[in-house]
Amino acid sequence: MRPLSSFPLWKRIEQKRFLAAMNLEITARCNNDCRHCYINRPADDLNARSQELRVDEIFRIADEAVEMGCLWCLITGGEPLLRPDFEEIYIGLRRRGLLVSVFTNATLIQAKHIALFKRFPPRNIEVTVYGVSQETYGRVTQRPALFSSFQKGLHLLLENGIKVRLKTMAMRSNYQELPAIAEYYRPRSSGSFRFDPFLHLRYDGNPERNALIRQERLSPEEIIDLEKKDIVRFDALLKHCDNLIFSETKAAECNHLFYCKAGKDTCDVGPDGTFRLCSALWAPGTTRSLRNTSLRKAWEELGKFLKELTSDREEFLLKCKNCNKINLCMWCPAMAYLETGSMDAHVDYFCRIANARAELIQNGRTSS
């Protein structure tokens with residue numbers, strides 16, 4: 001490994017187009033079995049475990065990322081603490097000069113992890129909470145017995161001063177408890193507590209799991225009701241999101257698919273080394289295996305590929321491409337592919353949410 005001194009910060013920042021951040025999924029396995037999860041495999045899945053990147057492979061990719069200017073790295077999963085070599089991976093990434101964050105469900109947090117995070121502080125730890133009661137937690141995770149482990153793990157993090165950001169997913173199974181979740185966990189979050197109502201479909205396309213995810217999705221009316229009742233969320237909508245609704249739309253001047261940040265300064269690496277320019281981007285031709293190609297080559301090839309992708313589909317050009325509410329919507333080529341199998345397809349569920357949010361903002365602005 002080259003010493004960090006050979007990658008001076010000014011060199012990494014001065015590059016015109018550099019890789020700023022990398023999301024590193026070190027496992028797809030999880031000890032929970034959340035109804036809404038788009039990636040999880042069983043904790044004892046030997047096939048999934050055998051496909052996971054080895055430590056030396058992870059460090060090779062990390063070295064390449066640092067050479068390309070990477071500053072931040074998120075360790076995620078699955079549940080990353082399932083890996084017995086988590087500590088080795090975490091320390092190795094830190095020693096390469098990366099600012100490391102960790103996503104965890106907190107059920108596996110032990111004293112050794114607290115000691116690790118105190119010695120080598122993470123940028124932050126982000127924990128998703130699913131309920132304030134065992135019943136709700138168990139309904140979402142399908143592992144009610146782990147509620148006490150979650151409480152203990154989160155308490156260990158908080159009482160030891162580890163920076164923890166908290167969030168929740170808004171879904172059918174915890175809908176009635178969401179106000180109580182926000183009330184209890186918002187004061188305990190080191191950053192702004194947030195909830196996310198957008199449940200992604202499975203990356204592996206599993207039809208049974210996708211059916212479960214769709215069952216958990218809230219209606220546009222329920223999502224808007226949540227956003228209206230949450231004072232912090234509603235204020236943010238009024239202050240920042242009304243400027244995302246364009247007063248007039250331009251005719252589609254070109255038919256390019258991608259206008260998002262995919263390929264700009266972040267990337268995702270899956271448990272088996274699958275490289276994507278966006279975590280949700282799994283369409284044919286948009287991934288590479290870092291087991292047989294370099295990070296830089298994958299980055300450059302896919303960046304060029306996405307930049308050149310176009311569509312002449314009338315539905316895309318007249319609806320999504322030319323919509324004045326597109327920034328209030330979950331639609332993007334990656335999500336469209338997960339929903340329909342096509343990157344240029346319209347998704348009615350997303351559209352209804354965007355229209356409902358726009359109406360909420362307009363009514364809120366009028367009444368204020």
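Every number here is computed from the coordinates shown, using simple stated rules; none is lab data. Here the structure is a predicted model, which is why all the values come from computation and not from measurement. We place every Cβ from the backbone using ideal geometry, glycine too, and count neighbours over all the protein chains shown.
Cβ under 13 Å from Ser189's Cβ, Ser189 left aside: what net charge do those residues give with Lys, Arg +1 and Asp, Glu -1? Working shown, then result.
Numbers: positive: Lys163, Arg165, Lys167, Arg186, Arg188, Arg194; negative: Glu126, Glu183.
That sum, taken over residues with Cβ under 13 Å, equals +4.
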- Task: May I ask for log10 I(q)/I(0) of segment 74-232 at q = 0.19 Å⁻¹, from a Debye sum over the Cα atoms as equal point scatterers with solvent left out?
- Result: -1.26
- Message: How long are the semi-axes of the equivalent ellipsoid of segment 177-237, defined as square roots of 5 times the Cα gyration tensor eigenvalues? Whole Å, largest first.
- Response: 26, 14, 10
- Message: Among Phe350, Phe103, Phe120, which one shows the highest mean-square fluctuation when the chain is modelled as a Gaussian network with alpha-carbon springs under 10 Å?
- Response: Phe120
- So what is the relative contact order for segment 167-216, in percent, with contacts set as C-alpha pairs under 8 Å and at least six apart? 46 percent
- Task: Based on other C-beta atoms within 10 Å, arrange Arg54, Arg188 from fewest to most.
- Result: Arg54, Arg188
- Message: Can you compute the radius of gyration and Dmax for segment 121-164, using only the Cα atoms, both in Å?
- Response: 11.5, 33
- Message: As I understand it, the dipole of segment 29-107 uses +1 on the Cβ of Lys and Arg and -1 on the Cβ of Asp and Glu, about the Cα centre. Which of Leu81, Ile61, Tyr38 lies farthest toward its positive end?
- Response: Tyr38
- Task: Report the label-to-label distance for Ser192 and Thr287 in nanometres (one decimal), using points 7 Å from each Cα along the Cα→Cβ vector.
- Result: 3.3 nm
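Where does each of Tyr137, Tyr337 land when they are ranked from fewest to most other beta-carbon atoms within 10 angstrom? Walk me through the numbers on the way to the answer.
Working: Tyr137 25, Tyr337 20.
Fewest-to-most Cβ neighbours within 10 Å comes out as Tyr337, Tyr137.
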- May I ask you to derive the relative contact order of segment 121-274, considering only C-alpha pairs under 8 Å and at least 6 residues apart, and to give it as an integer percent? 18 percent
- Query: With the chain treated as a Gaussian network of Cα nodes joined by springs under 10 Å, which of Ala111, Ala182, Ala20 yields the largest mean-square fluctuation?
  - Reply: Ala111
- Task: Normalising by the residue count of the chain, find the relative contact order in percent from Cα pairs under 8 Å and 6+ residues apart.
- Result: 17 percent
- Task: Provide Rg over Rh for segment 150-290; use the alpha carbon set for both Rg and the Kirkwood Rh (inverse mean inverse pair distance).
- Result: 1.01
- Please arrange Ile125, Ile91, Ile213 by counting, for each residue, the other beta carbons lying within 10 Å of its beta carbon, fewest first. Ile91, Ile213, Ile125
- Message: In the chain, if the dipole is taken from +1 on Lys/Arg beta carbons and -1 on Asp/Glu beta carbons about the Cα centre, which of Leu317, Thr128, Ala336 is farthest to the positive end?
- Response: Thr128
